[in-house]
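Here's the structure, in structure tokens; my notes come after.
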Amino acid sequence: MSAPQVFNAGPPVGLGGGQSTITLVEANTFCLSDNLGDIHPGTAQGLFYRDTRTISRWELRVEGQHAEQLTVLTPESFKARFVMRVPPRAGVADSTLLIVRSRLIGDGLKETVTVHNLGTEDTALRLTLHAEADFADLFLVKEGRSHHGSAEVTVAGSELHFTDHADPGRGLIVSATGDPVVLPGALSWRVVVPARNQWRAQVFAQPVAGHRRVQISCGAEDDSPIARMTEWRATATDLTSTDPRLTYILRRTESDLGALRIDEGGGLPTYVAAGAPWFMTLFGRDSLLTSWMALPLDSELAVGTLRQLATLQGTTVDPITEEEPGRIMHEMRRGPAGERVLGGSVYYGSIDATPLFVMLLAECRRWGAEESAVQELVPAARAALDWLEHFGDCDDDGLVEYRRKTDRGLVNQGWKDSFDSISDVTGRLAEPPIALCEVQGYTYAARLAGAELARARGDEHAATRLEHQAMALKERFDQAFWVPEKGWYALALDHRKQRVDALSSNVAHCLWTGIVSDERAEQLIAHLADPNMNSGFGLRTLSAAMGAYNPMSYHNGSVWPHDTALAVAGLMRYRHIPGACELAERLAKGLLDAALHFHGRLPELFCGFGRDQFRAPVPYPTSCSPQAWASAAPLLLVRSFLGLSPDVPNRTLEIAPHLPERWGRLQLTDLRLGPVTVGIEAEGDTMRVEGLPGDWTLNGERALAAEQFPVDA
């Protein structure tokens, strides 16, 4: 009997190819190639459309040889220019032939190949593009188990047609301009490029789904990636700083989050995918936390994500997919092996997505979501709260815990979902059912959020009940998780309700949700500030003093940017506690310094080596980039140091800036708060607000009319 397949968890295999990988992403499409733009067979590279690899080989040869790389330019997340030269002939000092591959992706691929002849003689050459498709499922590629060459290839006039043996309705069509010779698996051009002139051809790769050719959205059409990005930027908040480094990072954040939005069309809501290359789909936890972080940039993204998750909310009990009534899904897949691996196209094995759903809905209401949209989602929030009470607390001890339902499910179902991520001080793994510390914080915050939603609709009885449940959980949490001899909260409780007493970054999430008392917070902050936790580039997932610590691991000592950003948000929530603001500034500085080393784009994670050991952050080999909650992390830093907290239904705006000195003057232009659009300018602990109506209150005081001078605080 073969070993059971485990659901998608932990790090993927390396991408292969022996070179760094260029990742392009746009909604349902992403492309992985080397620095020449080539996609090599036998690696994890490829063009992927809706969780299926449609191109497994895409190699350009000039006279049968590789070109030489000069540079790669990626002005947007969905396009790149690969700049190369043809090696000089023997006995000639310099090359005179420049080749540029301009690539755009969007429901397929469009590539323009341009050959520039910089010499004084006409030059003849042969270019060949080798193309193959294997229609491998994303899961199999990610795990290094894909099989090469499973497609049938035919020549149809001037086109190459690839057909999936397993599903004849799935395929790929490759065509090109420039009158190429079309052979099975290759397009070839014989050209003469005039002196001081150029030759150009365009190549198109169009997926086929349901026997229908998918139209590439890579041109100047209204639905092209360029048009969609332009439209989104016109409605999103503009965030800039007099510190050009911070502005550079925020611009990259905006670009990446824009490319990670998925619009299914047909009136369906737009939502945010988890990240490229392996998670270009809806993920409960990732999409919810990303949407929370991105609220200052675009609050509509959060509403769309909530709507999409509500349509997939559990309604029945299914041990294979771990669906339960009210439960919010973990991930959705649409590839050919999705149902085989997940037990269905949707898998529900997440302990934290459900409380995060309720938290985000209440937060969207505060940020000005339309009341009709909020009321539409309230039944889903109620069902989620019921799940926490009746399914999340499986042993009626007042805490929320998890245990997979079959041997195919995720062993660990919190955000640290690798099999070895929950261990004690000595490194001994915890046995399920497991109650995670941060999940109790999420549940506490979800019940308070539910109370707020109930009170808003006039249900005082439900609001009071949820508040009492939240306070009881806060007390129960402190009793069960506090480790008095160490001065921190346990990472988890195991199957015997024994404390899994490792010091981890999870406890910082408890600060973010507010479940920690001020007395405990002071001790907790002191431990988080220890060099064993602060790597200098961000907070380690596990203290270097713990038995399982490994800075090159996925969850046991690495640095995850979203994790550090949530820690900063938690510290700024407790800014009145000594040491909180100072540690928040140190963590934020380290994280933004790391972002600059990664060319403005924070990856999913990087190694947790100390800054005193390596002057630059050490990449984690299989880290996703762009990855949604890593991309959104700088936005949460901005919000946290601004102390930005709107309450649109009550027409109040709270801002308590404490900006790091290096940020200089920070500006938020066209920040939408429901029907109101405001501008905020802050520096240090001072601020100015423009556009706030006179019937609003700012920091407890009635706002000046919009036409008067802005407010100084």
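Residue by residue, here is whether (1) part of a loop (DSSP other than H, G, I, E, B); (2) crowded, with 18+ Cβ neighbours inside 10 Å; (3) not assigned by TED's automatic domain parsing to the domain that holds Val192 holds:
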| site | (1), (2), (3) |
| --- | --- |
| Cys31 | no, yes, no |
| Leu36 | yes, yes, no |
| Glu59 | no, yes, no |
| Leu70 | no, no, no |
| Phe82 | no, yes, no |
| Arg101 | no, yes, no |
| Leu104 | no, yes, no |
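Asp593: among the charged types (D, E, K, R) and under 22 Å from Pro657 (Cα atoms), yes or no? Yes; evaluated as a whole, the condition is true for this residue. Being part of a strand (DSSP E or B) and either at pLDDT 95 or above or surrounded by fewer than 17 Cβ atoms within 10 Å (Cβ to Cβ) (or both): is that true of Arg89 here? So Arg89 does not fit the description; no. The conditions of being surrounded by 15 or more Cβ atoms within 10 Å (Cβ to Cβ), out of contact with any strand residue (DSSP E or B) (no Cβ under 9 Å at 6 or more places or on another chain) and either in contact (Cβ under 8 Å) with a residue 40 or more places away in the chain or not in a helix (DSSP H, G or I) (or both) are met by Pro649. One residue stands out among those in the stretch 236-269 that are free of Cβ contacts under 8 Å to residues at least 24 places away in the same chain and either among the charged types (D, E, K, R) or part of a helix (DSSP H, G or I) (or both): the one that is farthest from Pro660 (Cα to Cα), which is Glu264.
Conditions tested, residue by residue: (1) under 24 Å from Asp286 (Cβ atoms); (2) at pLDDT below 95; (3) of a type outside the set (Gly, Ala, Ser).
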residue	(1), (2), (3)
Leu377	yes, no, yes
Ala383	yes, no, no
Arg403	yes, no, yes
Thr406	yes, yes, yes
Leu410	yes, yes, yes
Ile422	yes, no, yes
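If the condition is being in contact with a strand residue (DSSP E or B) (Cβ under 9 Å, 6 or more places away or on another chain) and of a type outside the set (S, T, N, Q), then the stretch 510-525 contributes Cys510, Val516, Arg520, Leu524. Every test in (1) more than 22 Å from Leu246 (Cβ to Cβ); (2) among the acidic types (Asp, Glu); (3) crowded, with 22+ Cβ neighbours inside 10 Å is passed by Glu604 save one, and that test is (1). Any chance the stretch 395-410 includes a residue that's under 19 Å from the mean Cα position of the chain (by Cα) and within 20 Å of Phe279 (Cβ to Cβ)? Scanning the stretch 395-410 turns up no residue that is under 19 Å from the mean Cα position of the chain (by Cα) and within 20 Å of Phe279 (Cβ to Cβ).
Take Ala362 and tell me if it is buried (at least 24 other Cβ atoms within 10 Å of the Cβ), touching a residue at least 40 places away in the same chain (Cβ under 8 Å) and either under 25 Å from Pro296 (Cβ atoms) or small (Gly, Ala, Ser) (or both). No: the conditions fail for Ala362. Looking at Leu571, Leu591, just one residue is closer than 20 Å to Asn532 by Cβ and either more than 20 Å from the chain's Cα centre (by Cα) or in a loop (DSSP other than H, G, I, E, B) (or both), and that residue is Leu571.
Which residue pairs have Cβ atoms closer than 8 Å, lie 6 or more positions apart in sequence or on different chains, and pair a first residue in the stretch 599-620 that is assigned by TED's automatic domain parsing to the domain that holds Thr247 with a second residue that is of a type in the set (D, E, K, R)? Final answer for the pair search is His599/Arg252; Gly600/Arg251; Gly600/Arg252; Arg601/Arg252; Arg601/Asp256; Gly608/Arg540; Tyr620/Glu604.
Residues that are modelled with pLDDT under 95 and in a loop (DSSP other than H, G, I, E, B) were ranked within the stretch 331-348; the one that is farthest from Leu388 (Cα to Cα) is Pro336.
The values are calculated or read from the model by the stated rules, or taken from the named source; none is laboratory data. In this text the structure is predicted, and so the values were computed from the model without any measurement. Note that we place each Cβ from the backbone using ideal geometry, even for glycine, and neighbour counts take in every protein chain shown.
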